[in-house]
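One structure is given here, and the rest of the page talks about it.
Values in this text are rule-based calculations from the coordinates and carry no lab data. Computed from a predicted structure; not experimentally measured. Here the Cβ positions follow ideal geometry from the backbone for every residue, glycine too, while neighbour counts run over all protein chains shown.
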Amino acid sequence: MLKDASGQGATAAGPVVTVDAGSIPAPDRFGWWSDMVGHEVMAVSIRSPHSARFQGRVEAVDLPHGQVSTFSNSPMTAHRSPVQIRRQDPEEYFLILVRGSSIRLEQGRGVVCLDVGDMALFSTSHPLVCEFHDRDQPVRVTLLRLPRAVLPQTGGGADRLLAESLPARTGSAALLGPYLAGLPEAARACEPPELARLGAIGVDLATSFLATRLGARDTLPVETRKTVLLARINAFIDHRLADPELRPAAIAAHHHISVRTLHLLFRSEPEPVAASIRRRRLEHCHADLADPALRHRTIGETAARWGFRHAADFSRAFRSAYGASPSEVRARALDAKDACAPR
């Protein structure tokens, strides 16, 4: 679990641990940050034009086989030398997602410039240079730590991907980017069993993504491939809830599997696929009906917007799920808004 080397600056809110340079006296802050990075990521030498007034914050979530950490800090440059590697090498890889201010990454034979939304891989086992281009804009990156043992190729095969711009908007990466960006917030609302499952999904998405880039997808465990397929199907469902034709047969056809295989995949889920679609649609309808800003939209329009064909079927399903009719939920929301309005 994340903690800085000095034992200062760390707070925990459930599974999310935060360290903040703001709690450290200004003269000691940059040195403290350097020690913390060396303890939690790897030993590096860092420089910053803002060392006298350095700001930095990290949010971290431990996963079953890794960790997701979001760094927000003043611009800096980091170098990892052969001497630092010989002193200590945890033999880990990091998948980096750039979320603010472009960076230049150099490792092995690779040199890459990354903009917001881009991803790349780096290793603790090779010299590294990481430079942040904008000397005035705050840095914001998310790192997924992956032990060498979980990657799809042994013997350092993943080194072929070091400091290479990885396609972040297709395949598993299209799911992985939002997952990394949103994990700390999602983790705060998770119970431990759910967080463990969510964490395993993230590692599986990352290993599948890297395996595809390495041409080694067939080497992945069957369970990893099933987890990634299920994540893709769930994302597909979420993006198409408004389509009244969204049914198991259409989902199976889109993913080139049989309907029977689809139902078998959902045996590990809390509910069957059709029930999952209905629940998600109802949740969106409930949120819209409880939003006073959407009072202009009729109940029928709200139901149709989320894929319900027939108003009577929608009303029955809604009452069964929430113990109240759609009109009652809307009325309560409007009454609550009026009660809070200034007199």
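Describe numerically, in nm with one decimal, the distance between label points set 7 Å from Cα along Cα→Cβ at residue 35 and at residue 268.
Taking the simple label geometry, residue 35 and residue 268 are separated by 4.3 nm.
Using 0.36 nm times the number of residues separating residue 165 and residue 321, minus their current alpha carbon distance, what extension gain do you get?
51.6 nm
Quick one: compute the contact order of the chain, relative version, from alpha carbon pairs under 8 angstrom and 6+ residues apart, as a percent.
Result for the chain is 12 percent.
So, with +1 on the Cβ of K and R and -1 on the Cβ of D and E, and no other charges, what is the size of the charge dipole of the stretch 251-326 about its Cα centre, to the nearest 20 debye?
With only Lys, Arg, Asp and Glu charged at Cβ, the dipole is about 160 debye.
Size of the dipole of the chain about the Cα centre, Lys and Arg at +1 and Asp and Glu at -1 on the beta carbon, nothing else charged, in debye to 20?
700
Which angle from 0 to 90°, rounded to the nearest 10, does the C-alpha axis of helix 171-188 make with the longest principal axis of the chain?
With rounding to tens, the tilt is 90 degrees.
Quick one: go through the stretch 274-309 and flag any residue whose amide nitrogen is under 20 Å from the point 7 Å out along the Cα-to-Cβ line of residue 336.
Within reach of a label on residue 336: 280-299, 302-303.
For the charge dipole of the chain, defined by +1 on Lys and Arg C-beta atoms and -1 on Asp and Glu C-beta atoms about the Cα centroid, which residue among 231, 205, 50 has the Cα displaced farthest towards the positive pole?
231
Given the rule -39500 (n - 2.57) for each run of at least 4 DSSP H residues, summed and divided by the residues of the chain, what is its mean residue ellipticity at 222 nm, to the nearest 500 deg cm²/dmol?
The helix contribution divided over the chain gives -13500 deg cm²/dmol.
Rank the residues 246, 334 as a footprinting-exposure proxy: fewest other Cβ atoms within 10 Å of their Cβ go first.
Details: 246 19, 334 14.
By the 10 Å Cβ count, ascending: 334, 246.
Between residue 298 and residue 28, what length in nm is gained on full extension when 0.36 nm per residue of separation is reduced by their alpha carbon distance?
Roughly 91.3 nm would be gained on extension.
Sorted from fewest to most neighbouring beta carbons within 10 Å, what does the list 212, 70 look like?
212, 70
With a 10 Å Cβ neighbour count serving as the proxy for reagent exposure, in which order, fewest first, do 113, 285, 130 appear?
113, 130, 285
Is the C-alpha gyration tensor of the stretch 10-219 telling us rounded, prolate or oblate? Criteria: a/c under 1.5 is rounded; beyond that, a/b larger than b/c is prolate, otherwise oblate.
Oblate, because a/c is 1.5 or more while a/b does not exceed b/c.
Of the options 122, 268, 258, report the single residue whose Cα projects farthest towards the positive end of the charge dipole of the chain (beta-carbon charges: Lys, Arg +1; Asp, Glu -1).
258
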